[in-house]
Amino acid sequence: MKVQQLHVGAATALGPLTIFPVWTGGPGELGISTGAHADVAVTELASGPQVPRLTVTNNGPRPALLLEGELLEGGQQHRTCARDVVLGPGETRDIDTYCVEAGRWEGTHSHRRQARRAPLNVRAELATSPSNPGGAGRQGRIWNRVARFDAARGRSATSSLLEHLDRFTAEPRKDRRFGADDAPAPLEGQRGVVLGLGTRPLLLEVFGTHTLFRRHYRQLVESALLDLELLAPHVMASGPMPAQRARDFAAAVQALEFGAFDDGLPALEVRNHGSLRSRNITQTTGQLAVAGIAVALPHRKPELAHLTGWNTHHPLMEIA
């Protein structure tokens, strides 16, 4: 199983953030809901709250997709999804999460979803070993990454990533260099982006359909703009990333092989959701760390529903 042919279009630059549209092949319809359109309830565990686990239930009529780095707000503390999750209609499952609010452990049983994403600085930590969400020390490193915003933008009383996002999006337009409205609108058939930060590629994120991409595009841009607050002045002053670097990065992701959907040990990770099945996929090689989720529908070859590829040599991947 591989990524289908990727096509990288002309870029738009928002200061040091360069956004390249990406198109890919495939049927273009998976019957999956995602983002704010997915009717997914999120709660603390019935047996008692635990930092690294939450319970999710799909109350909708179609399979639902939650993304790695998606923010689950409220409860005992704000969390973020550790990796992509597909839920069948009516399915309930406990999922791996990380805390993005170190200073609170009180509140309600339920969380809310607005389909917001963690900034790239925080999501980068999820990419360091995506096949091992419980890796030793990762929660502490995520708190360190959230604390970068405390240092750059003023302290949050509970070191809350959500508070920093809320403050940023609520700031008067004159106080921000860029906003999500400055980003280009999704183009016809577009399924993803390559993002450059400074003059180097940071990530490629691609979805199985145009609709899945549209459901998350604005939130991705909003979170990436918050990352600009962490950049050194010389990076903020850098020009846009050259297009050839975006094309080369996309080609490196496209060259990866993820193995057969059903064969061998990876088949132990295949989950059934009625007529649809899903399997998380990961691959790390050289300077690439890639993770996502593939799905299989009856009478069709398995397809990628979502994939993110990271440049692990980018400075943002390092803890300051």
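Right, Pro240: outside any strand (DSSP E or B) and without any contact (Cβ under 8 Å) to a residue 60 or more places away in the chain or not?
So Pro240 fails the test.
Look at the stretch 1-54 and say how many of its residues are more than 25 Å from Ala224 (Cβ to Cβ) and of a type in the set (Ser, Thr, Tyr).
2
Anything in the stretch 180-219 that is open to solvent by 40 Å² or more (accessible area, probe 1.4 Å), under 27 Å from Leu256 (Cα atoms) and in contact (Cβ under 8 Å) with a residue 24 or more places away in the chain? List them, or say none.
Pro186, Leu187, Thr199, Arg200, His210, Arg214, Arg215
If you check Val295, Val253, Val290, which single one turns out to be in contact with a helix residue (DSSP H, G or I) (Cβ under 8 Å, 6 or more places away or on another chain), modelled with pLDDT of 90 or more and buried (at least 19 other Cβ atoms within 10 Å of the Cβ)?
Exactly one residue qualifies, and that residue is Val290.
Please tell me if Thr43 is among the β-branched types (Val, Ile, Thr) and in contact with a His (Cβ under 7 Å, 6 or more places away or on another chain).
For Thr43, the condition - among the β-branched types (Val, Ile, Thr) and in contact with a His (Cβ under 7 Å, 6 or more places away or on another chain) - is met.
Is it the case that some residue within the stretch 8-31 is more than 17 Å from the chain's Cα centre (by Cα), without any contact (Cβ under 8 Å) to a residue 60 or more places away in the chain and under 28 Å from Phe149 (Cβ atoms)?
No, the stretch 8-31 has no match at all.
What are the residues in the stretch 256-287 that are open to solvent by less than 40 Å² (accessible area, probe 1.4 Å) and either modelled with pLDDT of 95 or more or over 17 Å from the mean Cα position of the chain (by Cα) (or both), if any?
Within the stretch 256-287, Leu256, Phe258, Gly259, Phe261, Ala267, Val270, His273, Leu276, Ser278 meet the criteria.
Take the residues in the stretch 298-320 that are open to solvent by 30 Å² or more (accessible area, probe 1.4 Å) and charged (D, E, K, R), then tell me which one is nearest to Leu231 (Cα to Cα).
Glu318
State whether one or more residues within the stretch 249-271 are under 17 Å from Thr209 (Cα atoms) and of a type in the set (D, E, K, R).
No: the stretch 249-271 contains no residue that is under 17 Å from Thr209 (Cα atoms) and of a type in the set (D, E, K, R).
Pick from Val51, Val56, Val86: which is touching a residue at least 40 places away in the same chain (Cβ under 8 Å) and within 21 Å of Glu269 (Cβ to Cβ)?
None of the other options fit; the residue is Val86.
So which residues in the stretch 91-119 are open to solvent by less than 10 Å² (accessible area, probe 1.4 Å) and under 14 Å from the mean Cα position of the chain (by Cα)?
Thr97, Ala115, Arg117, Ala118, Pro119
Which numbered condition trips up His78, out of (1) open to solvent by 10 Å² or more (accessible area, probe 1.4 Å); (2) in contact with a helix residue (DSSP H, G or I) (Cβ under 7 Å, 6 or more places away or on another chain); (3) of a type outside the set (Lys, Arg); (4) farther than 20 Å from Leu161 by Cα?
(4)
Select from the stretch 61-75 the residues that are open to solvent by 10 Å² or more (accessible area, probe 1.4 Å) and closer than 26 Å to Ile281 by Cβ and list them in ascending order.
Passing the criteria: Arg62, Pro63, Glu68.
Give me a count of the residues in the stretch 57-75 that are under 19 Å from the mean Cα position of the chain (by Cα), more than 25 Å from His164 (Cα to Cα) and in a loop (DSSP other than H, G, I, E, B).
1
Of everything in the stretch 220-237, what is in contact with a Leu (Cβ under 9 Å, 6 or more places away or on another chain), surrounded by fewer than 22 Cβ atoms within 10 Å (Cβ to Cβ) and either modelled with pLDDT of 95 or more or not hydrophobic (A, V, I, L, M, F, W, C) (or both)? Give them in sequence order.
Scanning the stretch 220-237 gives a single hit, Glu222.
Restricting to the stretch 1-56, and then to whatever is of a type in the set (Val, Ile, Thr) and part of a loop (DSSP other than H, G, I, E, B), can you tell me which residue is surrounded by the most Cβ atoms within 10 Å (Cβ to Cβ)?
Ile32
Here are some conditions: (1) assigned to a loop (DSSP other than H, G, I, E, B); (2) at pLDDT 95 or above; (3) on the phi < 0 side of the Ramachandran plot. Gly90 meets all but one. Which one does it not meet?
If we test Gly90 against (1) assigned to a loop (DSSP other than H, G, I, E, B); (2) at pLDDT 95 or above; (3) on the phi < 0 side of the Ramachandran plot, just (3) comes out false.
The values are calculated or read from the model by the stated rules, or taken from the named source; none is laboratory data. No experiment lies behind these values; they were computed from the predicted model shown. Methodologically, a virtual Cβ is constructed for each residue, glycine included, from the backbone with ideal geometry; neighbour enumeration extends over all protein chains shown. These area figures cover heavy atoms from the full protein model, side chains too; ligands, DNA and RNA do not enter into them. Shrake-Rupley method; radii C 1.70, N 1.55, O 1.52, S 1.80 Å.
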